[in-house]
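Worksheet: the structure to be examined is printed underneath.
The values are calculated or read from the model by the stated rules, or taken from the named source; none is laboratory data. Remember, it's a predicted structure, so these values are computed and weren't measured experimentally. Counting neighbours? That spans all protein chains shown, and the Cβs are built from the backbone with ideal geometry, glycine included. Each accessible area value is taken on the protein alone, full model and side chains, heavy atoms only, with ligands, DNA and RNA left out. Shrake-Rupley method; radii C 1.70, N 1.55, O 1.52, S 1.80 Å.
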Amino acid sequence: MAKDSIMAKVSVYLTLTCLLPLLCNSFSPENPKSQRILVLIDDFAIKYSHSLFFKSLQTRGYDLDFRLADDSKLALQRYGQYLYDGLIIFAPSVEKFGGSIDLATILDFVDSGHDLILAADVGASDLVRDIAAECGADFDEDPAAVVIDHSGYAVSATDGDHTLIAGDDFLQSDVILGSKKTEAPVLFRGIGHSLNPANSLVLKVLSASPCAYSANPKTKLSSPPSLIGSAISLVSVVQARNNARILVSGSLDMFSNRLFRSGVQKAGSSTKHEKSGNEQFVTEISKWVFHERGHLKAVNVKHQKVGETNEPAIYRITDDLEYSVEIYEWTGDDWKPYVADDVQVQFYMMSPYILKNLSNDGKGLYSTSFRVPDVYGVFQFKIAYQRLGYTSLSLSKQIPVRPFRHNEYERFITAAYPYYGSSFSMMAGFFIFSIVYLYNK
Amino acid sequence: MATLRDAFGNVLSVFILILIGVLAFSIRLFSVIKYESVIHEFDPYFNYRVTQFLTKNGIYDFWNWFDDRTWYPLGRVIGGTVYPGLTLTAGSIWWFLNSLNIPLSVETVCVFTAPIFSAFASWATYLLTKEVKGVGAGLTAAALIAMVPSYISRSVAGSYDNEAVAIFALVFTFYLYIKTLNTGSLFYATLNALSYFYMVCSWGGYTFIINLIPMHVLLCIVTGRYSPRLYIAYAPLVILGTLLASLVPVVGFNAVLTSEHFASFLVFIIIHVVALVYYIKGVLSPKLFKVAVTLVVSIGMAVCCMVVAVLVALVASSPTKGWSGRSLSLLDPTYASKYIPIIASVSEHQPPTWPSYFMDINVLAFLVPAGIIACFLPLSDASSFVVLYIVTSVYFSGVMVRLMLVLAPAACIMSGIALSEAFDVLTRSVKLQLPELVEGTASTAEDTPSGYGSVQNEAAKSESSLEKLDDSLRERPSRKHRKKEKENVEKASSKPRKEKRLLVLPLVASAVAIFLLIMLGSFYVVHCVWAAAEAYSAPSIVLTSHSHDGLHVFDDFREAYAWLRHNTEVDDKVASWWDYGYQTTAMANRTVIVDNNTWNNTHIATVGTAMSSPEKPAWEIFNSLDVKYVLVVFGGLVGYPSDDINKFLWMVRIGGGVFPHIKEPDYLRDGQYRIDSQATPTMLNCLMYRLSYYRFVETDGKGFDRVRRTEIGKKYFKLTHFEEVFTTHHWMVRIYKLKPPKNRIRGKTKKSKSSSKSSKSSSIKSTTRRNPWH
């Protein structure tokens, strides 16, 4: 019996070690149901106060690992392999993570293609601010400031200082927020952040209304607040260049069961929604963050001369060629063909010589054919497909284009017949002249 | 008796020639003995790579070779832009040896091609000089050219460059031209055209031939030396030569379109007009002839005017007036420095200094004038040609140090003539007077008909009987009556006087002179051997230096290229200044942006601009060219003077020529180029400075640059867009990798607590400063 249990333990251990590399891959659509997510919380109460959000993740197949943020055994990776596919930080006040996690390891985690949900709150620690700043979201520097909106607040019995905001200024993107429109406003209580407009990787998903501002509600406003109006972002998402996705929210309460269930009435509006938009908003955006939507892959890049099947190593100028690529989108459990009519291929050498829309057959196969320009050089087939919310596709495949070979030119040119005639008649004439001159005495 | 002596002399000449060949070959082997059997410098690496391709893929693939590993992303049509002569020569030698089951590697064949062709070149020089002044002069000239330093510098073993075979082709073409001119044989004329074809295949310097020969023909016509032999020597060369030349892909229609070739066509027309005039003159009576002349002249002038007008219109439509940049810089030495910095930037395109003349042709520089004088006594068609050759080549060598190479054979021929004449006279004096001393008689030298007095007194020169026969044969068909009569009269009058006028030098004087000439010769030999062994044998990819603790070998270049070959992806692109392009493609087998074939100025200017820009714009330029690695050559640690910092001003100039935001004065402090603390901020921030001196201060703690002999201006700095991936043992080559763009874009907030605090406090301070009364 004891022996059996040991054997069982060993086999479990072996299975685990075998599975470990699989478990620790970043976004791995091949085994989506085994994604592990580390949830760092300040205090185990959050596990229960935010259970609806966690439940929705778990029902979608994620394996959540709740740990206290200052747990001394925390580790993101072991033996060079990441233990988790995603990270949720619901610990706004943590000054220092336990174990081996710190700012740098979290950023490395993101830079190696893993996803992150970061929720801050009033009095967010420097560490949380730093993580957000590294991702491009700058929280208001005043630690006591919260977002206040005297016109867009949610009507409620208890909240008198208008810090519970009913936000309804969403980013217009079906990919990020789902195709179903969020009808009810989203309740938000927390701090605002600003984004650098030059930063192309970060998107404002929920912005504050134009009359919101960020300040400490308990003190008198002596100087104009640094963050005002719709420049304040309440919730932002970042898609890094390696397609890692990050959600930055200034409010931890936004994810809480209380606000999920709460009704909402926006100040100045007569409609009262029975249920706030939080649940839908947060669920949809978490789907996006964990790559259940908007993740594209391009495979099977093929090109060949028209009428041939093998890919040549080099093209000749003015060859006719066919180019095809298959593009699929991840739906959460398998790849389905991506259908769009705006995918373009460039035939590129320092600048695009040819820019063509790819036509698709509805099954993910995009193809086109064109004629190689009359310019030789080292070209590239380039696809640079960047659409809001989608992972960016950038493929480039180098292919040299050579000029004609010496025997590929026309043998006889019609326009040159007078020249042929003149040279041959000259030769004949010279021959006759020589004979006549030499032998005619 | 005389025939026996002739036979003996011939056998001796053959042996001497063989020895000269051996000498020419073996004096060029110092580089192999001192270093190793390796390809030298820059261009030879390209030729070597092309030869490898040829031997691997055959001639048709070579002809149609589109190389996608250079000039990324433009690529280069190698088959159509390369002079194939050298490659085909070495390729055929390799193929021939392999078919004889002599399995030499391509590299070995390439290394030894130049020495072999130097032997051929000395034999060709012998033939040419023999045609001009006889066997003695020929042998002397051949011995001189076998070891002239100027030629050695371009043809040591391993210096696998076009010039290696081109000098042979040049001299041999001249020989065949003179041979045709002397014999009037159509056979030699055809050979001449073929030899010219080989020259066209081998080197862009063929334009020298196609301009020099027309000049000589024109000279002959103007000085009344027109003859059918001249016509036969010239007309087939132009027609056949031009047809053949246009078969070479790199020349193509240039053979009839560019201004370099116009002289030959113009002279071709002139020689026909002259031939017609001579023919008509022979047919018509003098009176009718005069009428005909006026007729022809008027019509001819009209036709000429039309042709000239058409030509001028054609030529003026091209911005460079139909001349290539290099040719223009030959005609106007200041042209390149004014308009084409890329030509001016090459050190071998600079005008030479007098020491370089002394270094490269040594005592020949003093013997050449004597040779010219000897050529005028008497002036034949052949000797006028070599005079013309030396005069033009002296001019060209004065413009470009590289063309010293064209001067060298001319100088050797002239010096050979001079030395041989001098020895002839002096030994004859000794020979005539020795018996006098012994027996008191002076009647031994019947078959050596002239003496030293000829130099001052008469046209009858020391010539072998065979030569004289040739000479008279040459004179016979000359149609210029007046001249010929005069010469005949002179000859006739001089002949009886010869015996009396056998002016000989005093015995002692001639003995001393012989001794001095031998000393001069030995000095020349010593100098040549020294030059071959010390000055010109370094392969420049391996450097050595002697110091108190022995010999140091700097093999950094190969170290760096080997690193690239083994540690980078096959399709990675490496950017460097164009000097290192050929070596990178040949040794590291990586794609380069620009290389030593400087055909696209804009592309080179792009790289120059990147090198002279600050890091971020430089990164953007390189990234747009898909560059992965940047290679810089840095000599500051070991004192290697031809590094990129010393070449940097050319990068600025070439870059600024195309992209005007790069301005040379920005890099100069008061007109001085410096990298110390006085250097301008632009200089200290440009990519080249940063890549060269990154971490340099760690070597000695001070950052002392041993080439510029100063401490560098900016010692501690970090690179933001580049990372160092490899630096060779002596820091001579440093390789950097472009960092990928940041995965995330950071926000504005400072990263750490303390810095955010400090920034806060500083912002507070600045606000208080702004509002002191608040």
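At a glance:
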{"read-out": "Options A:Gly377, A:Gly389, A:Gly362; residue that is at pLDDT below 90, open to solvent by less than 50 Å² (accessible area, probe 1.4 Å) and over 27 Å from A:Arg60 (Cβ atoms)", "value": "A:Gly362"}
{"read-out": "Unmet criterion (only one of (1) closer than 29 Å to B:Leu637 by Cβ; (2) more than 14 Å from chain A (Cβ to nearest Cβ)) for B:Val504", "value": "(1)"}
{"read-out": "Residues of the range A:366-386 satisfying the condition of being among the aromatic types (Phe, Trp, Tyr) and within 14 Å of chain B (Cβ to nearest Cβ)", "value": "A:Tyr376, A:Phe379, A:Phe381"}
{"read-out": "The range B:229-282, residues that are closer than 23 Å to B:Thr190 by Cβ and of a type in the set (Phe, Trp, Tyr)", "value": "B:Tyr231, B:Tyr234, B:Phe265, B:Phe268"}
{"read-out": "Residues of the range A:69-82 satisfying the condition of being closer than 23 Å to A:Phe255 by Cβ and open to solvent by less than 50 Å² (accessible area, probe 1.4 Å)", "value": "A:Ala69, A:Asp71, A:Leu74, A:Leu76"}
{"read-out": "Where B:Tyr640 falls short, out of the listed (1) part of a loop (DSSP other than H, G, I, E, B); (2) surrounded by fewer than 17 Cβ atoms within 10 Å (Cβ to Cβ); (3) away from chain A (no Cβ under 14 Å)", "value": "(2)"}
{"read-out": "Within the range A:16-57, considering residues that are loosely packed, with under 13 Cβ neighbours inside 10 Å and under 26 Å from the mean Cα position of the chain (by Cα), the one modelled with the highest pLDDT", "value": "A:Lys55"}
{"read-out": "One residue from A:Ser100, A:Ser151 being within 19 Å of A:Lys73 (Cα to Cα) and either buried (at least 22 other Cβ atoms within 10 Å of the Cβ) or more than 14 Å from every other protein chain (Cβ to nearest Cβ) (or both)", "value": "A:Ser100"}
{"read-out": "Among (1) open to solvent by less than 40 Å² (accessible area, probe 1.4 Å); (2) more than 14 Å from chain B (Cβ to nearest Cβ); (3) part of a helix (DSSP H, G or I) - the single one A:Ile106 does not satisfy", "value": "(2)"}
{"read-out": "Qualifying positions in the range A:109-141 - open to solvent by 30 Å² or more (accessible area, probe 1.4 Å), out of contact with any Lys or Arg (no Cβ under 9 Å at 6 or more places or on another chain) and either of a type in the set (D, E, K, R) or more than 16 Å from A:Gly190 (Cα to Cα) (or both)", "value": "A:Ser112"}
{"read-out": "Among the residues listed as A:Arg316, A:Arg411, the single one being within 14 Å of chain B (Cβ to nearest Cβ), more than 30 Å from A:Glu292 (Cα to Cα) and of a type in the set (Lys, Arg)", "value": "A:Arg316"}
{"read-out": "Selected residue (criterion: nearest to B:Trp577 (Cα to Cα)) from residues of the range B:643-685 that are assigned to a loop (DSSP other than H, G, I, E, B) and open to solvent by less than 50 Å² (accessible area, probe 1.4 Å)", "value": "B:Asp643"}
{"read-out": "Where A:Ser194 falls short, out of the listed (1) within 18 Å of A:Leu247 (Cβ to Cβ); (2) away from every other protein chain (no Cβ under 14 Å)", "value": "(2)"}
{"read-out": "So A:Ala144, is it more than 14 Å from chain B (Cβ to nearest Cβ), crowded, with 23+ Cβ neighbours inside 10 Å and over 26 Å from the mean Cα position of the chain (by Cα)", "value": "no"}
{"read-out": "Test: residue in the range A:220-236 that is touching a residue at least 12 places away in the same chain (Cβ under 8 Å), within 30 Å of B:Pro741 (Cβ to Cβ), in contact with a Cys (Cβ under 6 Å, 6 or more places away or on another chain) and within 11 Å of chain B (Cβ to nearest Cβ)", "value": "no"}
{"read-out": "Test: residue in the range A:306-318 that is crowded, with 16+ Cβ neighbours inside 10 Å and farther than 27 Å from B:Ile593 by Cα", "value": "no"}
{"read-out": "All positions within the range B:220-253 that are among the charged types (D, E, K, R) and not in a loop (DSSP other than H, G, I, E, B)", "value": "B:Arg229"}
{"read-out": "In the range A:197-219, residue nearest to A:Ser392 (Cα to Cα) [restricted to those that are within 14 Å of another protein chain (Cβ to nearest Cβ) and hydrophobic (A, V, I, L, M, F, W, C)]", "value": "A:Leu201"}
{"read-out": "Of all residues in the range A:325-359 being in contact with a helix residue (DSSP H, G or I) (Cβ under 8 Å, 6 or more places away or on another chain) and open to solvent by 40 Å² or more (accessible area, probe 1.4 Å), the one that is farthest from A:Glu292 (Cα to Cα)", "value": "A:Met350"}
{"read-out": "Among (1) within 23 Å of the chain's Cα centre (by Cα); (2) part of a helix (DSSP H, G or I); (3) closer than 27 Å to A:Tyr376 by Cα - the single one B:Tyr83 does not satisfy", "value": "(2)"}
{"read-out": "Pick from the range A:334-350, criterion among the hydrophobic types (A, V, I, L, M, F, W, C) and more than 13 Å from every other protein chain (Cβ to nearest Cβ), ranking: nearest to A:Asp374 (Cα to Cα)", "value": "A:Val345"}
{"read-out": "Wholly enclosed helices (runs of 4 or more DSSP H) of the range B:334-437 bearing at least 3 residues at pLDDT 85 or above and of a type outside the set (Gly, Ala, Ser)", "value": "B:354-361, B:364-375, B:381-399"}
{"read-out": "Unique residue being more than 23 Å from B:Asn10 (Cα to Cα) and either surrounded by 24 or more Cβ atoms within 10 Å (Cβ to Cβ) or polar (S, T, N, Q) (or both) when the list is B:Thr190, B:Thr129, B:Thr180", "value": "B:Thr190"}
{"read-out": "Selected residue (criterion: most open to solvent (accessible area, probe 1.4 Å)) from residues of the range B:545-557 that are more than 15 Å from B:Trp731 (Cα to Cα) and assigned to a strand (DSSP E or B)", "value": "B:His546"}
{"read-out": "Candidates B:Tyr226, B:Tyr278, filtered to the one that is within 27 Å of B:Ile390 (Cβ to Cβ), open to solvent by less than 60 Å² (accessible area, probe 1.4 Å) and hydroxyl-bearing (Ser, Thr, Tyr)", "value": "B:Tyr226"}
{"read-out": "Every residue from the range B:38-58 that is in contact with a helix residue (DSSP H, G or I) (Cβ under 8 Å, 6 or more places away or on another chain), part of a helix (DSSP H, G or I) and at pLDDT 90 or above", "value": "B:Pro44, B:Tyr45, B:Phe46, B:Asn47, B:Tyr48, B:Arg49, B:Val50, B:Thr51, B:Gln52, B:Phe53, B:Leu54, B:Thr55"}
{"read-out": "Members of the range B:44-81 found to be among the hydrophobic types (A, V, I, L, M, F, W, C), closer than 22 Å to B:His603 by Cα, in contact (Cβ under 8 Å) with a residue 60 or more places away in the chain and within 14 Å of chain A (Cβ to nearest Cβ), listed by number", "value": "B:Trp71, B:Leu74"}
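This table checks each residue for (1) closer than 27 Å to B:Trp203 by Cβ; (2) of a type in the set (Gly, Ala, Ser); (3) in contact with a strand residue (DSSP E or B) (Cβ under 6 Å, 6 or more places away or on another chain); (4) surrounded by 17 or more Cβ atoms within 10 Å (Cβ to Cβ).
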{"site": "B:Leu244", "(1), (2), (3), (4)": "yes, no, no, yes"}
{"site": "B:Val248", "(1), (2), (3), (4)": "yes, no, no, yes"}
{"site": "B:Ser259", "(1), (2), (3), (4)": "yes, yes, no, yes"}
{"site": "B:Val283", "(1), (2), (3), (4)": "no, no, no, no"}
{"site": "B:Pro286", "(1), (2), (3), (4)": "no, no, no, no"}
{"site": "B:Ala302", "(1), (2), (3), (4)": "no, yes, no, no"}
